[in-house]
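The values are calculated or read from the model by the stated rules, or taken from the named source; none is laboratory data. Owing to the predicted nature of the structure, the values given are computational and were not obtained by experimental measurement. Note that each Cβ is placed from the backbone with ideal geometry, even for glycine, and that neighbours are counted across all protein chains shown.
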Amino acid sequence: MTVAQGSEVQDLNLVDLVKSFGDFVAVDDLTLTIPAGSFFALLGPSGCGKTTTLRMVAGLEEPTSGRIMLGTQDITDEKPYKRQVNTVFQSYALFPHLDIFENVAFGLRRRGVKNVDAQVNDMLELVELGPMARRKPAQLSGGQQQRVAVARALINHPGVLLLDEPLGALDLKLRRQMQIELKRIQDEVGTTFVHVTHDQEEAMTMADTVAVMNKGRIEQMGPPVDIYDLPRTAFVANFLGQSNLAQGSVSGTSGDNLVVSSSGASFTLPSERSVRQDGDLLIGVRPEKLAIDAADADTVPDRHNRLSGKVTDASFTGVSTQYLVMTTWGDEWIIFEQNRSADLHQLGDEVVIHWAPEHTFGLEIPAGG
Amino acid sequence: MGWLRRNLIGIVAVLVLIYLFIPIAVVAILSFNDPAGKFNVAWNQFSLEAWQNLCGVPGVCSSFATSIQIGILATIVGTVLGTMIAFALVRYRFRGRSTTNLLIFLPMATPEVVLGSSLLALFLNLAFPLGFWTVVIAHIMFIISFVVVTVKARLQGMDPRLEEAARDLYAGPTATFRYVTFPLVLPGILGAALLGFSLSFDDYIISAFNAGTLVTFPIYIWGAAQRGIPVQVNALATLVFAITLVLVLSIQFVNYRRRRKLEKAGA
Amino acid sequence: MPSLAPTLSSPSAGAPPAASGVRRRTRTAYLLLIPGLLWLGIFFVIPLVSLFFTSLQAPTDKAGVYQPALQVSNYLVALQEYWPQFIRSFVYAGIATVLALVIAYPLAYFIAFRAGKWKALMLVLVVAPFFASFLLRTYAWRTILSDEGAITTFFNALHLLPQGRILNTPIAVVLGLTYNFLPFMILPLFAALDKIDPRLIEASKDLYAKPSTAFRKVIWPLSLPGVVAGTLLTFIPAAGDYINATLLGAPGDRMVGNAIQTNFLQFRDYPTASALSFILMAIILTLVFVYIRRAGTEDLV
């Protein structure tokens, strides 16, 4: 076998990657660089093509066109069992007839490595499963099985480790724990992790780069903080966290700001935070960036964008209160307000919502909506 | 009353199981009988004669051995051929899938008399000599369908990700089959083989048509029924039943114990 | 055999393999298929064709020797002479199938939902009769149902037996058929019931006040694939059986299997025997396909 031991970590490049099943295009002309050693998350709803992309990188699915490069090496046509890429499968796919030790040793044995004991034991140490070596997978808890799946893949020192919804089968508490655990393991081994998930919170907590996928295309890519702060499409604005959106059109500029009129009101936002500089667009703002005050309050700073409405729902969640406010033109906006004072707004109260222009973002109006 | 209502279904279930075992119990009890006449149908007197002298009646043990030989041969060939078809059906795309399914289904939907008589019609038309080999051929034919159905179900129940995981972990097609697919399907294949053997060993109708002058164990029993079945036959049948049951039950028991122990250790 | 039920309901759920190397993979498929299918072709299909031609043969001057012909009248003669056997076969097999279903359902239900850790053991016990000779077990019923036996005496005391006995009457034949093919009913029923999520039953008990309604609306429909498979696996061998009729019935209770057997092996009237086989097969296949259509599992083949 020609697979190198402890192969050097290299960039993963996807070039013009397309996968179609009959008329259905699962992955639509995807070009992407995943830097060596990064923790990369492919985030999207089910059916967006993220798992198909992963399977193409693993070699389990053949691209309709395009190339997959690992460093300078083109691995597009390489068989899965020859690629320096290993996968942590959804629901783990541990071999039920082999014990934990043999599951982890599987890859080494297939590559003809003679003495596997030391390596396997080290790996089991890393995932803290040493005492479980002779158990069968069915006798392990979900979290333990998950760690076996990681160990079984990592022991081969892959250039890239692919994780297909690895935490999907775990309960919330365990998931949190494993998120931290996976980060720790990645720090320790330094391998590139490509993590596919539909859980935006998971993607944001774990990854240093997140790519949001929708309908076979990448909508936006970048560090989680950046994407969250400045979503570039309506899909991203709502898939990664929540957003309040309103349709409007650019009516002018003021300095570095755009002025947008929407249903008789006028809003400003920094032009570099808008995808469009003229015509119709969507303006948006995150719920926690909004402030809510009584309609007659005089505390609203002049520079703030503002709109008025009536409280239709208020749910107290402890740290914060989540309001739903019906705006005068009939949209429902969502507001998270920190509970700094005890006086809450009541159902039916007339209120004013306001926020700083620099928290606003401008988006293209999506086709058909 | 409440107890009865709650446990009614359990009581019925146990009664049905008892019903299934009554005739077997009768066979076993009569193996310790010293019948009054030549027909061993009513209890007369306790005797160990048949057990001490299992092959004491001419033809009993030789027909028994013949049936075992036929069973083993037919099971091996039938299991191999059936397993191959099951793999093709589950793992490959090919033209003629529905014809194949029909060809597998039809022998199971055909009464044994028709299977037996049609094969006999073929052998007669070809003037093929009846005997050991015609019976083996016939048994392989009906075992195949049962094996295909059993192994196919097992294969379909297997998570396809397991094989993908193997390929991902540097196992080529051969290694994937050898280290993952085959061990996982093996219990299904063994189950199918056991079923095939018991079908072959116990088959009377199809064998009767195609055996010519060959005497298998069921054919011997059938022939003996007219003039009185020797007690040895009861003893042999009881022995086979007891051995298989003990074997199967101890496998179950060992599995159960092992699972219990590991569960305890894990807790 | 427990797996026949899933096969009946989901026949070709094979995962479509990747498009790569389709031609090579197709060749592998045929290599895997050919030996087994060839065997079935030569020793199942050709014999049926051969049976068909035999059924049209005409007698020669020599007894037991026949010549190729197109004597369709063989079928009319066979039907004329043996129609009572046909009717008996289907009536006996029909009653036995219904009885088996009624007996098997509670047991299958219990194993699937209530047996807990005894599940595997109970399944072994259901299959266990297969390991004891079919002929001997049938023969044992002669002892159990004998005229002096407890069962016959009991029913006679109640004056419930029209002929004053059970052995050598149609009752014994039907009882034998029911008994012998019972495991073929239990296993598919179990397989279908075992796939039902027990929470569905709780939910249905929650939704419908009466357990009987819950059974009728939820469990029974979900177990239908098992019912179809089980009734077929019981009815088909029962309709063609002649062992029970011979060992437990009187000469007047003979079934069509007996007719085929005696014509083939004793009278050496091959054309009549073949015609009988063919008619039996045709009726059964027609019934099977009509039944499967009606039961809604038409994706059988």
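Here are a few things to note about the model shown:
- Screening C:L285, C:L276 for residues that are touching a residue at least 12 places away in the same chain (Cβ under 8 Å) and facing chain B (nearest Cβ under 9 Å) leaves exactly one candidate, C:L276.
- Residues in the range A:343-354 that are farther than 20 Å from A:G241 by Cα and in contact (Cβ under 8 Å) with a residue 40 or more places away in the chain: A:H345, A:D349, A:E350, A:V351, A:V352.
- Filter result (within 11 Å of another protein chain (Cβ to nearest Cβ) and either basic (K, R) or more than 31 Å from the chain's Cα centre (by Cα) (or both)) within the range B:1-34: B:R5, B:R6, B:N7, B:L8
- Enumeration of residues in the range B:47-94 that are touching a Ser or Thr at 6+ places or on another chain (Cβ under 8 Å) and of a type outside the set (G, A, S): B:W51, B:T66, B:I70, B:T75, B:I85, B:L89, B:Y92, B:R93, B:F94
- Qualifying positions in the range C:1-52 - modelled with pLDDT of 90 or more, over 16 Å from B:T83 (Cβ atoms) and more than 8 Å from chain B (Cβ to nearest Cβ): C:I42, C:V49, C:F52
- Residue check for C:R268: surrounded by fewer than 24 Cβ atoms within 10 Å (Cβ to Cβ) and not in a helix (DSSP H, G or I): yes
- Only a single item in (1) closer than 23 Å to C:L222 by Cβ; (2) touching a helix residue (DSSP H, G or I) at 6+ places or on another chain (Cβ under 8 Å); (3) surrounded by fewer than 22 Cβ atoms within 10 Å (Cβ to Cβ) is not met by C:R165, and it is number (1).
- Being within 26 Å of C:G176 (Cα to Cα), crowded, with 18+ Cβ neighbours inside 10 Å and not hydroxyl-bearing (S, T, Y) is a property that C:A108 has.
- A:N244 being crowded, with 19+ Cβ neighbours inside 10 Å and more than 14 Å from the chain's Cα centre (by Cα): yes
- Lone unmet requirement of (1) more than 8 Å from every other protein chain (Cβ to nearest Cβ); (2) surrounded by fewer than 18 Cβ atoms within 10 Å (Cβ to Cβ) for A:E62: (1)
- So C:T138, is it among the polar types (S, T, N, Q), within 14 Å of another protein chain (Cβ to nearest Cβ) and in contact (Cβ under 8 Å) with a residue 24 or more places away in the chain: yes
- Listing of helices (runs of 4 or more DSSP H) fully contained in the range B:35-127 that carry 3 or more residues being surrounded by 24 or more Cβ atoms within 10 Å (Cβ to Cβ) and facing chain C (nearest Cβ under 7 Å): B:60-91, B:112-125
Every residue, every condition in (1) modelled with pLDDT of 95 or more; (2) farther than 30 Å from B:R260 by Cβ; (3) touching an Asp or Glu at 6+ places or on another chain (Cβ under 6 Å), yes or no:
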{"site": "A:T87", "(1), (2), (3)": "no, yes, yes"}
{"site": "A:Q90", "(1), (2), (3)": "no, yes, yes"}
{"site": "A:G112", "(1), (2), (3)": "no, yes, no"}
{"site": "A:M123", "(1), (2), (3)": "no, no, no"}
{"site": "A:L129", "(1), (2), (3)": "no, no, no"}
{"site": "A:Q146", "(1), (2), (3)": "no, no, no"}
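- Residue count, the range B:159-197 (criterion: in contact (Cβ under 8 Å) with a residue 40 or more places away in the chain, touching a Gly at 6+ places or on another chain (Cβ under 9 Å) and at the interface with another protein chain (Cβ under 7 Å from one of its Cβ atoms)): 0
- For the range C:141-171, taking the residues that are touching a Leu at 6+ places or on another chain (Cβ under 8 Å) and of a type in the set (F, W, Y), the one that is farthest from the other protein chains (Cβ to nearest Cβ) is identified as C:F155.
- Scanning the range C:97-135 for residues that are more than 7 Å from chain B (Cβ to nearest Cβ) and within 30 Å of C:Q163 (Cα to Cα) turns up C:T97, C:V98, C:L99, C:A100, C:L101, C:V102, C:A104.
- For the range B:213-227, the set of residues classified as surrounded by fewer than 23 Cβ atoms within 10 Å (Cβ to Cβ), touching a residue at least 12 places away in the same chain (Cβ under 8 Å) and within 11 Å of another protein chain (Cβ to nearest Cβ) consists of B:I219, B:W222, listed by residue number.
- A:R340 assigned by TED's automatic domain parsing to the domain that holds A:D256, in contact (Cβ under 8 Å) with a residue 12 or more places away in the chain, surrounded by fewer than 13 Cβ atoms within 10 Å (Cβ to Cβ) and of a type in the set (D, E, K, R): no
- In the range C:43-62, the qualifying residues are those that are touching a residue at least 40 places away in the same chain (Cβ under 8 Å) and polar (S, T, N, Q), and the one that is surrounded by the most Cβ atoms within 10 Å (Cβ to Cβ) is C:T54.
- Considered as a group, the residues in the range A:76-111 that are away from chain B (no Cβ under 13 Å) and outside any helix (DSSP H, G or I) include one that is nearest to A:V196 (Cα to Cα), and that residue is A:T76.
- When C:I196 is tested against (1) in a helix (DSSP H, G or I); (2) in contact (Cβ under 8 Å) with a residue 60 or more places away in the chain, only condition (1) is not met.
- Search result, residues across the range C:38-58 that are of a type in the set (V, I, T) and in contact with a strand residue (DSSP E or B) (Cβ under 9 Å, 6 or more places away or on another chain): C:T54
Matching residues to (1) more than 19 Å from C:L182 (Cα to Cα); (2) more than 9 Å from every other protein chain (Cβ to nearest Cβ); (3) part of a loop (DSSP other than H, G, I, E, B):
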| position | (1), (2), (3) |
| --- | --- |
| C:P221 | yes, yes, no |
| C:G226 | no, yes, no |
| C:A229 | no, yes, no |
| C:L233 | no, no, no |
| C:P237 | no, no, no |
| C:N244 | no, yes, no |
| C:A259 | yes, yes, no |
| C:M281 | yes, no, no |
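- Going through (1) touching a residue at least 12 places away in the same chain (Cβ under 8 Å); (2) in contact with a strand residue (DSSP E or B) (Cβ under 9 Å, 6 or more places away or on another chain) one by one, C:V65 falls short only on (1).
- The residues of the range A:280-329 that are assigned to a strand (DSSP E or B), in contact (Cβ under 8 Å) with a residue 40 or more places away in the chain and among the aliphatic types (A, V, I, L, M), listed by number, are A:L281, A:L282, A:I283, A:V285, A:A291, A:I292, A:A294, A:L307, A:V311.
- Among helices (runs of 4 or more DSSP H) entirely within the range A:124-239, having at least 1 residues that are within 14 Å of chain B (Cβ to nearest Cβ), basic (K, R) and crowded, with 21+ Cβ neighbours inside 10 Å singles out A:142-154.
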